[in-house]
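As structure tokens, the structure follows; a few thoughts come after it.
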Amino acid sequence: MAAAGAAITRPGPAIRRGENIVGRLRRAQTTGCGLTRGTQISEELLKERDKQAKWNSIPLLLHKLYEGSHPNSDFSKCQGILKEISPLLSMEAMAIVTDDKKSNPEFPYPNTYTFDLFGGVDLLVEILMRPSLFPQRKKHKIGDELIKDCLSILYNTCICTEGVTKRLAERNDFVLFLFTLMTNKKTFLQTATLIEDILGVKKEMIQLEDIPNLASLVSSFDQQQLANFCRILSVTISELDTGNDDKYTLLAKDAQQKKSQSPSRAEINQATLLNIPGFIERLCKLATRKVSESTGTATFLQELEEWYTWLDNALVLDALMRVAHEETEQSGTESSDESGLVNPTPRTQLPHSMNIMHEIMYKVEVLYVLCVLLMGRQRNQVHKMIAEFKLIPGLNNLFDKLIWRKHPASTLVLHGHNQNCDCSPDISLKIQFLRLLQSFSDHHENKYLLLNSQELNELSAISLKASIPEVEAVLNTDRSLVCDGKKGLLTRLLQVMKKEPVESSFRFWQARAVESFLRGVTSYADQMFLLKRGLLEHILYCIVDSECKSRDVLQSYFDLLGELMKFNIDAFKKFNKYITTEEKFQVFLNQINSSLVDSNMLVRCIALSLDRFDSQSDDIKVAEVLSECRLLSYMTQGSVQMSFLFKLVNIIHVQTLTQENVSCLNTSLVVLMLARRKGRLPYYLQTIRDMECVEKYPGFILNNFHSLLRFWQQHYLNKDKDSTCLENDWTLLDRKTIHLHNPSTPDIKKFTPERTIIIVLDRGETLQRPQKGKRACWDIPYGKF
């Protein structure tokens, strides 16, 4: 009823002397008093002012539209009026797509501004919603074409006129009503596009369970509609970004968690989706379906160059594909979900490149939804389902021909973008694919589905040769669900990783995906599988020999190197064979020291590995590597470890701790733990106090460290955290908790070298509180502990 009530005129203050029509409308929009719509102004006055004000008859057309759109009106007249208005607005919307700059910066899109100013947006919302508010005569039912025109005009107004989208987003009744229009194939595309725009600016996330008949709605979608719907779902299942950096500090996160113990709306929406029968299965089918290969490579690249100059958004491509699909149906051709979009009849033949782009754009959205669900509270349920529906083997079959196909970078540049822009469909697909692999592998036994049967046998052979038990997850892997073909998905990823250009942004995501395969309990067989494929040499080349300057890429390679080398004497031997000169070694050390936030995971790995190797010094192989390896010899020096500790403690503070740099705190604790085991903890703490005296600032290091330890205790060991995952790798360390004498007293005098600091921690991340009787799942996919 809210839409119908908008037509009632509120009593307002008297008209101000000298105030024109536009001023009155603006004042009404600001105060809520006075004129509520332009149709309340007489038609004669509008005619008189139209030419002088350059309104292009839009207020007059809206006046006619209002008069002809009362309940039970003949809406055929309305459609004719909208046909006159629509070109005026679509022309301005197209100017945005083509980056056509306007001469008047204050009113760059006057037609859409005038349309909104004179109440056009509110009027179209009323027309759309009237069937749900008033009973309609059948012969006067609003037609599909009228609905499409209303939606298109609303969308054009949203993208051209600031504030319109936010106003629509505030009307929950209208947002939920839009979902009911998605049941009609003829209006689906325009509805989905408008919903996506509105949800993108909505302050409060909608709840999917409030959508009427959601399960039946989703089940009615064909594959094309379901893929489009994923673009909408991506907004409803991801946590909202407030743009406030402070939100991402661990202090702020802990405070937020204390305030709200109940699941977020995004988590509730994820659970709602999983309860829809067949939803995950359909997403897996859509993500892994193939594209027709009827066009040769040369023609394909030529077509790409032609079409990429103006295909700047998915809406244009969707519209073209829909036309082709509709004409195919009209020609009497029966087509399934999988073939109808990619095999049009000859009379509607579209360039093959468009078919591929169409498929890529959809796969980006589908992979994103699956990735988010893999990181949610129901992670194990999602894992089981996507394994059962063979998502990983399907992606493996698409790897060479669609996901990582070869093409000149110059042909993939969209209008107004550069070739490294993440807006490119090809680049987005690759990134979403790598993020999915990372989420899928991270601390989950299903990660071995990334291999084929022959590669699983290779893991078993490595364990047998090393006389160590096979990994239980390898033995339990269902061979019918693994990758088929000559190479598994992990091996294919390693191959393209080695060929990637030096400055490619994909290096970061590739390293993260491979690292996630190694994360969890350290597996010698997994490490050797990757070492045999030259991964260590490739990482060292990137760190030492290449000209890579990206801190993100270098950080990802340091992290991967740490996982690859941890406790593995063969890896350290290979390291020494590659770093053959002192010059190379100094370059490597300079890279480590230039940013400990990026490299501290590797420092921790070396410290832990050295501690284990010291206990195995009776082994001839271990003793040989200990004596020859530059890196291990360097880390045995107490002054070096002390230097790392000093730097790590100084670059972090409780107020600035984030998921990214908290690993520096944990690495510093490892150094102190290992020192305590060797009886050197009092010496380390006293050395820090001596450094404070040299700096003439007693307590500035230990006071800060004391605060960090107190925070660590509160953050990881409270009842809202599961700390069992913090004990996976460090089996050589005592399983005890942090204990600080007189923890309520921050006085530095109470924190002396003689007092004991007993600590234990392990590789991990911020953990969600697990459901009763279940293991914790990972909250943040790309942070590091």
### Query
If you check H417 against the conditions, is it touching a helix residue (DSSP H, G or I) at 6+ places or on another chain (Cβ under 9 Å), surrounded by fewer than 22 Cβ atoms within 10 Å (Cβ to Cβ) and modelled with pLDDT under 95?
no
### Task
Look through T249, T236, T193 and report the one residue that is open to solvent by less than 30 Å² (accessible area, probe 1.4 Å) and touching a strand residue (DSSP E or B) at 6+ places or on another chain (Cβ under 8 Å).
T249
### Query
Counting just the residues of segment 484-533 that are basic (K, R) and not in a helix (DSSP H, G or I), which one comes out surrounded by the fewest Cβ atoms within 10 Å (Cβ to Cβ)?
K486
### Message
Conditions first: (1) open to solvent by 20 Å² or more (accessible area, probe 1.4 Å); (2) assigned to a helix (DSSP H, G or I); (3) closer than 23 Å to Y634 by Cβ; (4) touching a residue at least 24 places away in the same chain (Cβ under 8 Å). D552 passes all but one, so which condition is the exception?
### Response
(3)
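Residues being open to solvent by 70 Å² or more (accessible area, probe 1.4 Å), aromatic (F, W, Y) and farther than 22 Å from V603 by Cβ: count how many of those fall in segment 674-700.
1
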### Message
For the structure I just gave you, tell me whether K83 is open to solvent by 60 Å² or more (accessible area, probe 1.4 Å) and at pLDDT below 80.
### Response
no
### Query
Which of the residues belonging to segment 355-396 are outside any helix (DSSP H, G or I), open to solvent by 10 Å² or more (accessible area, probe 1.4 Å) and within 12 Å of F440 (Cα to Cα)?
M375
### Query
So which of N446, N457 ends up being polar (S, T, N, Q), open to solvent by 10 Å² or more (accessible area, probe 1.4 Å), within 15 Å of A387 (Cα to Cα) and in a helix (DSSP H, G or I)?
N446
#### Entry: Yes/no for L283 being open to solvent by 30 Å² or more (accessible area, probe 1.4 Å) and assigned to a helix (DSSP H, G or I)
no
### Message
Looking only at residues that are β-branched (V, I, T) and assigned to a helix (DSSP H, G or I) in segment 629-662, which one is farthest from Y683 (Cα to Cα)?
### Response
T656
### Message
If I606 satisfies all but one of (1) touching a residue at least 24 places away in the same chain (Cβ under 8 Å); (2) surrounded by fewer than 21 Cβ atoms within 10 Å (Cβ to Cβ); (3) β-branched (V, I, T), what's the number of the condition it fails?
### Response
(2)
### Query
What pairs can you find where one residue is in segment 442-461 and among the hydrophobic types (A, V, I, L, M, F, W, C), the other is open to solvent by 20 Å² or more (accessible area, probe 1.4 Å), and their Cβ atoms are less than 6 Å apart, with a gap of 6+ or different chains?
L449/L481
### Complete set of residues in segment 61-80 that are modelled with pLDDT under 85 and under 15 Å from D116 (Cα atoms)
H63
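Given the criteria open to solvent by less than 10 Å² (accessible area, probe 1.4 Å), under 28 Å from L717 (Cα atoms) and in contact (Cβ under 8 Å) with a residue 40 or more places away in the chain, does T667 qualify?
In short, yes.
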#### Entry: Selection within segment 56-80 - of a type in the set (S, T, Y) and either within 16 Å of G143 (Cβ to Cβ) or surrounded by fewer than 20 Cβ atoms within 10 Å (Cβ to Cβ) (or both)
S57, S69, S73, S76
### In segment 187-228, the residues that are under 14 Å from L154 (Cα atoms) and β-branched (V, I, T)
T187, T191, T193, I195, I198
### Query
Which ones in segment 460-483 are part of a helix (DSSP H, G or I), under 19 Å from L391 (Cα atoms) and hydroxyl-bearing (S, T, Y)?
S480
### Task
Select from segment 618-655 the residues that are open to solvent by 60 Å² or more (accessible area, probe 1.4 Å) and either among the polar types (S, T, N, Q) or under 33 Å from the mean Cα position of the chain (by Cα) (or both) and list them in ascending order.
S627, T636, Q637, S639, K647, I651, H653, Q655
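May I ask you to say which residue of P393, P425 is at pLDDT 95 or above and of a type outside the set (K, R)?
Numbers: P425 fails: at pLDDT 95 or above.
Selected residue: P393, the only one of P393, P425 that is at pLDDT 95 or above and of a type outside the set (K, R).
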### Task
Assess whether G119 counts as being surrounded by fewer than 20 Cβ atoms within 10 Å (Cβ to Cβ) and at pLDDT 85 or above.
no
### Query
Is it the case that segment 202-220 has a residue that's in a helix (DSSP H, G or I) and under 29 Å from P87 (Cβ atoms)?
no
### Message
Which condition from (1) closer than 30 Å to G534 by Cβ; (2) of a type in the set (V, I, T); (3) in contact (Cβ under 8 Å) with a residue 60 or more places away in the chain is the one that V587 breaks?
### Response
(3)
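What number of residues within segment 555-584 satisfy the criterion of being of a type outside the set (K, R), closer than 23 Å to R533 by Cβ and not in a helix (DSSP H, G or I)?
4
Conditions tested, residue by residue: (1) crowded, with 18+ Cβ neighbours inside 10 Å; (2) under 20 Å from F279 (Cα atoms).
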site: E170; (1), (2): no, no
site: L176; (1), (2): no, no
site: T180; (1), (2): no, yes
site: N184; (1), (2): no, yes
site: K202; (1), (2): yes, no
site: Q207; (1), (2): no, yes
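The values are calculated or read from the model by the stated rules, or taken from the named source; none is laboratory data. Predicted model, so just to flag it, every value in this text is computed and none were measured. Using ideal geometry, Cβ is built from the backbone for each residue, glycine included, and neighbour counts are taken over all protein chains shown. Accessible surface is based on the protein model in full, side chains and every heavy atom, while ligands, DNA and RNA are left aside. Shrake-Rupley method; radii C 1.70, N 1.55, O 1.52, S 1.80 Å.
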